[in-house]
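Quick notes on the structure that follows.
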Amino acid sequence: MDAGHAPSDTAPLGRDVHTISDIRRRDVSPFPAFLGRRSKHLNVRRATATVTYMSIPLDDLKPPVPVLEWVGDATRGHLRLLDQTKLPAETVYLDCHDAEALWNAVRRLAVRGAPAIGVAAGYGMVLAAEWLPDGRDFLTGVDAAAEYLESARPTAVNLAWAVRRVADRAAHVVADDTSAIRAAMLEEARAIHDEDVELCRAIGRYAAPIIEQHAGVLTHCNAGALATAGIGTATAGMYVAAVGGHALTVYCDETRPLLQGSRLTAWELAQAGIHAVVITDGAAGQVLKEGRVGMVITGADRIAANGDAANKIGTYPLAVLAARHDVPFYVAAPYSTFDLSLATGEEIPIEQRGREEVVAGFGRVTAPDGVATYSPAFDVTPAELITALITDRGVIQPVDAPHVAAQMQPDATG
Ligand code: MRU
């Protein structure tokens, strides 16, 4: 709660905002008047960048629909997930009652996006614990569950970070009583969930002053509310800037092969009344060349100690294009996405996806029968191409090992 902070006088639109959808009910045009008329001058710096984002209350800024929710207690509870494979056509929820159901939901991207995977996997540990027999081997079972859940997807470090955090909590409960351990595990999973909401808001506050300098931004994949427990990472600054009264156009790479950009990012931005324009991935160069965007911002699945950042396949070429056109390239991520045990991005494991996603995406055959495919789900953008990392602890710039360490080491002040 931002108790004690009154909204800045320069940000009257920050009042009475309760959900992301409420953004559209305010006096912010979702279709900026200049769109299509001043293609050479879309990147104008706002003359009135006077909003004090730190003082805008964001407590009630919520995702358009709930992404995940724990239902019940630590012995008979289950995890309810929004099935993101069905969006934008249908809003369908999926109940996971055991670790295997959760593993499958993560694997097939029913829940996806690094922070959301982490939150879901934290609860997945509680699901696993529900099925473990009481007794001396309970903690061995907890460790096995962590290893199993980690195997669902290898790239997003938030997954391993969350399951290890819950396992660690279980190991430190001073009681032989397994019901006390289960209760502690649920408490830890809930703490991860609540914390992610706050991390998104913090990122949003740091990103908004950067976003509001531009009328158009470009993003890739979905690093939005659907990918987190809160208001997203790459999108957080967009929502916060919108609350502050900034009218923005967001170009969304559709993001082959599973179309997270068009199915998810464009959908959630539209829910919020933020003007979204879907482009094919191959159109990004032309959009940059025409000066339609003043910055690019993406999320990340894992950031190495030197600042190299893994994100959805297609992010790296976007960073190269941004550099070619002298457009700043930002990566937004919480501390839980940093993996300081890896010196560089070369060490980040890259998930490989199945051929059917490439040759028969969404049921339509688009390649010859039997053709070979190669489908890495992520790529690594080298730190030298990243203008700044926008984190919950502040903005890291320049992006290199000493600056990452200064912000992200456990003993660093945030
Ligand atoms: O395969 P996905 O949809 O899980 O990939 C998601 C991304 O690459 C996101 O950009 C990343 O996880 C950041 S989410 C805040």
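The values are calculated or read from the model by the stated rules, or taken from the named source; none is laboratory data. All of these numbers come straight from a predicted model, not from anything done at the bench. With ideal geometry, Cβ positions are generated from the backbone for all residues, glycine too; neighbour counts draw on all protein chains shown.
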Margin query: Testing Lys289 on (1) among the basic types (Lys, Arg); (2) over 16 Å from the mean Cα position of the chain (by Cα); (3) under 23 Å from Arg263 (Cβ atoms), one condition comes back false. Which one is that?
Written below: (3)
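Looking at segment 142-164, which of its residues are in contact with a Ser or Thr (Cβ under 9 Å, 6 or more places away or on another chain) and either of a type in the set (Gly, Ala, Ser) or over 21 Å from Arg108 (Cα atoms) (or both)?
The answer is Ala156, Ala162.
Would you say Asp95 is within 26 Å of Leu259 (Cβ to Cβ), surrounded by fewer than 16 Cβ atoms within 10 Å (Cβ to Cβ) and more than 16 Å from the ligand (Cβ to nearest atom)? Lay out the reasoning, then the answer.
On the way: within 26 Å of Leu259 (Cβ to Cβ): yes; surrounded by fewer than 16 Cβ atoms within 10 Å (Cβ to Cβ): yes; more than 16 Å from the ligand (Cβ to nearest atom): yes.
Spelling it out, Asp95 is indeed within 26 Å of Leu259 (Cβ to Cβ), surrounded by fewer than 16 Cβ atoms within 10 Å (Cβ to Cβ) and more than 16 Å from the ligand (Cβ to nearest atom).
Filter segment 183-218 down to the residues that are among the β-branched types (Val, Ile, Thr) and closer than 20 Å to His275 by Cα, then identify the one that is surrounded by the fewest Cβ atoms within 10 Å (Cβ to Cβ).
As a first pass, look at segment 183-218 and keep what is among the β-branched types (Val, Ile, Thr): 192, 197, 203, 210-211, 217.
Checking the rest, the ones that are also closer than 20 Å to His275 by Cα come to 210-211, 217.
On the way: Ile210: 21, Ile211: 29, Val217: 27.
Here the residue is Ile210.
Sort through Val119, Val163, Val157 and tell me the only one that's β-branched (Val, Ile, Thr), within 16 Å of the ligand (Cβ to nearest atom) and more than 22 Å from Val65 (Cα to Cα).
Val157
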Notebook entry, point to check: Here are some residues: Arg108, Arg165. Which one is among the basic types (Lys, Arg) and surrounded by fewer than 16 Cβ atoms within 10 Å (Cβ to Cβ)?
Noted result: Arg108
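Among the residues of segment 102-115, how many are in contact with a strand residue (DSSP E or B) (Cβ under 7 Å, 6 or more places away or on another chain) and within 11 Å of the ligand (Cβ to nearest atom)?
Of the residues in that region, 2 qualify.
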Check: Would a scan of segment 159-179 turn up a residue that is in the same structural domain as Pro115 (by TED's automatic domain parsing), within 24 Å of Arg80 (Cβ to Cβ), assigned to a loop (DSSP other than H, G, I, E, B) and of a type outside the set (A, V, I, L, M)?
Finding: no
Notebook entry, point to check: Among (1) surrounded by fewer than 24 Cβ atoms within 10 Å (Cβ to Cβ); (2) of a type in the set (Ser, Thr, Tyr); (3) in contact with a strand residue (DSSP E or B) (Cβ under 6 Å, 6 or more places away or on another chain), where does Thr298 come up short?
Noted result: (1)
Notebook entry, point to check: How many of the residues making up segment 58-104 are assigned to a loop (DSSP other than H, G, I, E, B), over 17 Å from Leu226 (Cβ atoms) and within 21 Å of the chain's Cα centre (by Cα)?
Noted result: 3
Margin query: Kindly evaluate Asn311 against the criterion of being in a strand (DSSP E or B) and of a type in the set (S, T, N, Q).
Written below: yes
Notebook entry, point to check: Could you say whether any residue in segment 294-305 is within 12 Å of Leu218 (Cα to Cα), over 20 Å from the mean Cα position of the chain (by Cα) and modelled with pLDDT of 95 or more?
Noted result: yes
Check: If you go through segment 391-412 one residue at a time, do you hit one that is at pLDDT below 95, loosely packed, with under 13 Cβ neighbours inside 10 Å and within 16 Å of the ligand (Cβ to nearest atom)?
Finding: no
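Tell me which residues, restricted to segment 216-234, are in a loop (DSSP other than H, G, I, E, B) and under 8 Å from the mean Cα position of the chain (by Cα).
Scanning segment 216-234 gives Asn222, Ala223, Gly224, Thr228, Gly232, Thr233, Ala234.
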Note to self: When you check Thr255 against the structure, is it touching a helix residue (DSSP H, G or I) at 6+ places or on another chain (Cβ under 6 Å), within 12 Å of the ligand (Cβ to nearest atom) and without any contact (Cβ under 8 Å) to a residue 60 or more places away in the chain, yes or no?
What the structure shows: yes
Notebook entry, point to check: Of Ala284, Ala323, which residue is part of a helix (DSSP H, G or I), within 16 Å of the ligand (Cβ to nearest atom) and touching a residue at least 60 places away in the same chain (Cβ under 8 Å)?
Noted result: Ala284
